[in-house]
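Working notes for the structure below.
The values are calculated or read from the model by the stated rules, or taken from the named source; none is laboratory data. Predicted, not measured: the structure shown is a model, and the values here were computed from it. Methodologically, a virtual Cβ is constructed for each residue, glycine included, from the backbone with ideal geometry; neighbour enumeration extends over all protein chains shown. Accessible surface areas use protein heavy atoms only, side chains included; no ligands, DNA or RNA. Shrake-Rupley method; radii C 1.70, N 1.55, O 1.52, S 1.80 Å.
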Amino acid sequence: AAKRAFPAWSATPIEQRAALVDKLADALEARAGEFASLLTSEQGKPLDQAMFEMMGSIFTLRAFAAMRLEPKTLRDEGGNTVIEHRTPLGVVASITPWNFPVILLMNKLGPALVTGNTMVAKPAPTTPLTTLLVGEICRDILPAGVFNTVCDQNDLGEVLTTHPDVAKVAFTGSTATGKKVMAAAAQGVKRVTLELGGNDAAIVLDDVDPRQVAQKVYGGAMANAGQICVAIKRAYVPEPMYDEFCDELARLAKEAVVDDGAKQGTQVGPVQNKMQFDKVMALLDDAKERGTVLAGGEALDRPGYFIPPTIVRDLDDDAPLVREEQFGPVLPVLKYDDIDDVIARANDSEYGLGGSVWGKDLARATDVAKRIDSGTVWVNQYLAIDPNIPFRGSKQSGLGGELGEAGLHEYTQPHIINVVALEDA
């Protein structure tokens, strides 16, 4: 269906395609409350966070609808004109995870449709409902076949990524699965963008108020129960303020309201699925043997996969909770004495998605940020994702980019047109 729809859709003027993407954003906004409630039901995040995801999704679609691909003149001299223009690729396969099932789809749907591609979207098996509702809305706005949804039990990914009619695979998920996607797509030399796992370090400098920054680091670690690829997953704190910093994190963790995301006042919902719950608990059980748990540490004795915010100190750098991506509401806090040493420790990871540096001296903090080997490093902020700013991973955290004009380009083939005049005989 996507292949059949591609010729007419790609031939549709970009202004008309963008207008329909804008119309899709309007439809999402009109039903945002319904979407947020459904998102909380299937994903678990508190309702206010679900609404935040919906507003971000709407903003992302509108941002891409406003972008344009203009031909670029590379040379125009001596009778030689060289122009680069971009054309759509064809059918895009979108494969999205369960932590942000709506906005991560919009990060792909927006640029794919604006640039003239069609799409087949496969949501995670544990969060298919919001994607299906997007499909229901698209049915009434887009031409038939432009957007399609397939749901599975994790058994159709390879069928989709190896399909000869798929021109590009846009994947967000774990690094392990991303490697499989890349290998499968290689059979057809398909275009691929991979937004994969992260083990983002927060480096706290010695000129900050430890309590103030601890509150910000806590927020960056525990949003969506820690189930964010660019959540703060390990914090490095100067030794003189280490105790005070840890104590403030522990206070915040103990005061957090952990409950059903649909209940008013809930701050932390459950881990989304049993497989992830078991992984987080295994890392936590190991951390109890290696370090000191200041808050949390045990699953709640109630139905569901509820783990309270957990703060662990006194771990070594080789602890699994420090080395691996926990993807849950557990934060290890490590101390340091030397800035060069802590930068080396932060970079000693196969991941390189995001990171943050916290300091009052902005020039110094920026210099530290430049030395962090990650696709994005924030200074005195976290999770500052903007659809107009490219987002990329380094090392095993990804390939290619999403968002911004660079993300738009990922859905196109650049063509070079090199022209000279034919000389007279």
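Summary table
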read-out: Members of the stretch 243-252 that are over 13 Å from Pro332 (Cα atoms) and touching a Phe, Trp or Tyr at 6+ places or on another chain (Cβ under 7 Å); value: Leu252
read-out: Criterion (within 21 Å of the chain's Cα centre (by Cα), open to solvent by less than 10 Å² (accessible area, probe 1.4 Å) and under 30 Å from Ala225 (Cβ atoms)) met by exactly one of Pro101, Pro125; value: Pro101
read-out: Tyr305 open to solvent by 10 Å² or more (accessible area, probe 1.4 Å), under 16 Å from Val217 (Cα atoms) and either of a type outside the set (Gly, Ala, Ser) or touching a residue at least 24 places away in the same chain (Cβ under 8 Å) (or both); value: no
read-out: Count of residues meeting criterion [in a loop (DSSP other than H, G, I, E, B) and either within 23 Å of the chain's Cα centre (by Cα) or closer than 21 Å to Glu195 by Cα (or both)] in the stretch 354-382; value: 11
read-out: Some residue of the stretch 34-42 being open to solvent by less than 10 Å² (accessible area, probe 1.4 Å), among the hydrophobic types (A, V, I, L, M, F, W, C), part of a helix (DSSP H, G or I) and under 16 Å from Ala112 (Cα atoms); value: no
read-out: Residue within the stretch 221-235 that is among the aliphatic types (A, V, I, L, M), part of a helix (DSSP H, G or I) and farther than 19 Å from Leu39 by Cβ present; value: yes
read-out: Matching residues in the stretch 378-410 - criterion: being surrounded by fewer than 16 Cβ atoms within 10 Å (Cβ to Cβ), of a type in the set (Gly, Ala, Ser) and more than 18 Å from Val357 (Cβ to Cβ); value: Ala406
read-out: Verdict on Tyr351 being touching a residue at least 40 places away in the same chain (Cβ under 8 Å), open to solvent by 40 Å² or more (accessible area, probe 1.4 Å), in contact with a Gly (Cβ under 6 Å, 6 or more places away or on another chain) and in a loop (DSSP other than H, G, I, E, B); value: no
read-out: Matching residues in the stretch 157-180 - criterion: being surrounded by 16 or more Cβ atoms within 10 Å (Cβ to Cβ) and aliphatic (A, V, I, L, M); value: Leu160, Val166, Ala167, Val169, Ala170
read-out: Contacts under 7 angstrom Cβ, first residue in the stretch 325-347 being at pLDDT 95 or above, partner open to solvent by 60 Å² or more (accessible area, probe 1.4 Å) and in a loop (DSSP other than H, G, I, E, B), 6 or more apart; value: Ile343/Arg371; Asn347/Asp373
read-out: Residue check, Asn199 open to solvent by less than 20 Å² (accessible area, probe 1.4 Å) and modelled with pLDDT of 95 or more; value: yes
read-out: Selection count where residues are out of contact with any helix residue (DSSP H, G or I) (no Cβ under 8 Å at 6 or more places or on another chain) and assigned to a strand (DSSP E or B), scope the stretch 383-417; value: 6
read-out: Leu74 over 19 Å from Ala2 (Cβ atoms) and either open to solvent by 10 Å² or more (accessible area, probe 1.4 Å) or at pLDDT below 95 (or both); value: yes
read-out: Residue among Thr81, Thr130 that alone is open to solvent by less than 20 Å² (accessible area, probe 1.4 Å) and more than 18 Å from Ile385 (Cβ to Cβ); value: Thr130
read-out: Top-ranked residue in the stretch 282-302 [being assigned to a loop (DSSP other than H, G, I, E, B) and charged (D, E, K, R); ranked as surrounded by the most Cβ atoms within 10 Å (Cβ to Cβ)]; value: Glu298
read-out: Neighbours by Cβ (under 6 Å, 6+ apart or cross-chain): first from the stretch 66-81, of a type in the set (Gly, Ala, Ser); second outside any loop (DSSP other than H, G, I, E, B); value: Gly79/Val420
read-out: Unique residue being crowded, with 18+ Cβ neighbours inside 10 Å and either free of Cβ contacts under 8 Å to residues at least 24 places away in the same chain or more than 30 Å from Asp340 (Cα to Cα) (or both) when the list is Val213, Val217, Val268, Val230; value: Val268
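Conditions tested, residue by residue: (1) among the hydrophobic types (A, V, I, L, M, F, W, C); (2) under 21 Å from the mean Cα position of the chain (by Cα).
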{"position": "Leu28", "(1), (2)": "yes, yes"}
{"position": "Gly33", "(1), (2)": "no, no"}
{"position": "Leu39", "(1), (2)": "yes, yes"}
{"position": "Met54", "(1), (2)": "yes, yes"}
{"position": "Asp76", "(1), (2)": "no, no"}
{"position": "Asn80", "(1), (2)": "no, no"}
{"position": "Gly90", "(1), (2)": "no, no"}
{"position": "Ser94", "(1), (2)": "no, yes"}
{"position": "Ala112", "(1), (2)": "yes, yes"}
